[in-house]
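Report on one structure; see the data block that follows.
Rule-based calculations on the coordinates, nothing more; no lab input. The structure presented is a predicted model; accordingly, all values stated were derived computationally and were not measured. Every residue, glycine among them, receives a Cβ derived from its backbone with ideal geometry; neighbour counts consider all protein chains shown.
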Amino acid sequence: DAAWAALERAHTLAQPWAGPHVRCDLKMLVLACRTRDIREFAGQFYRTALAGPGSMRGRIPLGNTGRAWVSAFPPCPSRPVLPSG
């Protein structure tokens, strides 16, 4: 759960930049594979293919967590960044 939460937050921050956005989606794809979550794996496979072009064209739903159970198109309310420690 902590790994998914960290990746979700990283995803919301990385969306405007193609490289970091794709890397974040790839890490989500790997985690879905490791946890043997077929639905999440399929969703991340699809999202990884769209992440780069979407970021480059500015067609990203800001605040979207990037999880498979969240639609890839509407923006989501963003959560505040909390300092660690």
* Structure fact -> Residue span residue 59 to residue 42: 0.36 nm per residue of separation minus Cα-Cα distance leaves a gain in nm of 4.0 nm
* At 222 nm, what helix-only mean residue ellipticity would the chain give, in deg cm²/dmol to the nearest 500, using -39500 (n - 2.57) for each DSSP H run of four or more? -> -19500 deg cm²/dmol
* Gain on full stretching of the segment that runs from residue 76 to residue 2 - 0.36 nm per residue minus C-alpha separation -> 24.6 nm
* Would you work out which of 45, 55, 65 lies farthest towards the positive end of the dipole of the chain, given +1 charges on the beta-carbon of Lys and Arg and -1 on that of Asp and Glu, about the Cα centre? => 55
* To do: Note the listed values [x] 1.13; [y] 1.17; [z] 1.01, then indicate which one is Cα Rg over 2.2 N^0.38 Å calculated from this particular structure.
  => [z]
